[in-house]
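Here's the structure, in structure tokens; my notes come after.
Here, each number is a calculation from the coordinates, and none is a lab measurement. Every value quoted in this text rests on a predicted model; they were computed, and no experiment measured them. With ideal geometry, Cβ positions are generated from the backbone for all residues, glycine too; neighbour counts draw on all protein chains shown.
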Amino acid sequence: MSSALRPLLVMVWKDILLEVRSKDIIISVLVFGFLVAVVFNFALNVSPQRVSELAAGILWVAFAFAGTLAMNRAFVKEKEQGGLEGLLLSPVSRDAVFLGKVLVSFLFMLIIEGLLLPVFAAMLGFSGLSWALILTILLATLGFATVGTLFSAIAVQTRSREIMLPILFFPIILPVLIGAVEASSNVTSSQASLSSTNVRNSRLFSAWPDL
């Protein structure tokens, strides 16, 4: 194992062990994302005819706010327990520290999104088993985690980090979110048009004996 890769993997494994023991991020973010799904589903009254219009937006609002909640915790433990100074003083490059945090945030967000996506798909009535949708989520989550980790490292030095992170982060990440919403909307729209075509065809074939 190369000397550059080993510190990176140690950083990732350390944060995974801490999360497995404490469960601070996964549980709270999952509950938050589930509540967002329920509230939007009842507030907007998402009917099958409006799924293609609303599903992508609701999905990425939940992912964005859940991801921001996870980003807020990226450097908090090190800051509160004095581990951040130890990381900076250790004989490890700053690149390894940053990339380790990016990988951990990326993995946590993928786990959260993987658990929330079937819930959204069941409640909003679209198929989550789409390669285009999965690829969109992977790419957008990677960009989200990279930029979010950078701004999380900046915001953790301030007193009101829970407020500062969204203020600094969302204007920068907005193009990524817009692209993700548009790509996801194209997927849900194509699914809706395909399902409506299948319904028309089934009605046509069922009425065929009467013709």
Item to check | Ranked by how many other beta carbons lie within 10 Å on average, peptides 164-172, 62-70 from highest | outcome: 62-70, 164-172
Checklist outcome for this item: Residues Met123, Met109 in order from fewest to most other beta-carbon atoms within 10 Å are Met123, Met109
Checklist entry - So if R0 is 35 Å, what FRET efficiency would Arg21 and Ser189 give, r being the distance between their Cβ atoms, rounded to the nearest 0.05? => result 0.20
Next on the checklist: Can you give me the long-range amide H partners of Ser93? Hydrogens built in the peptide plane at 1.01 Å from N, cutoff under 5 Å, separation of 5 or more residues or another chain.
Outcome noted: none
Checklist entry - Between rounded, prolate and oblate, where does region 5-199 land on the alpha carbon gyration tensor, with a ≥ b ≥ c its root eigenvalues, rounded for a/c under 1.5, else prolate if a/b exceeds b/c? => result prolate
Item to check | Val76 versus Ser127: modelled label distance in nm, points set 7 Å from Cα along the beta carbon direction | outcome: 3.9
Checklist entry - Please state the relative contact order of region 5-199 as a whole percent: Cα pairs under 8 Å, 6+ residues apart? => result 32
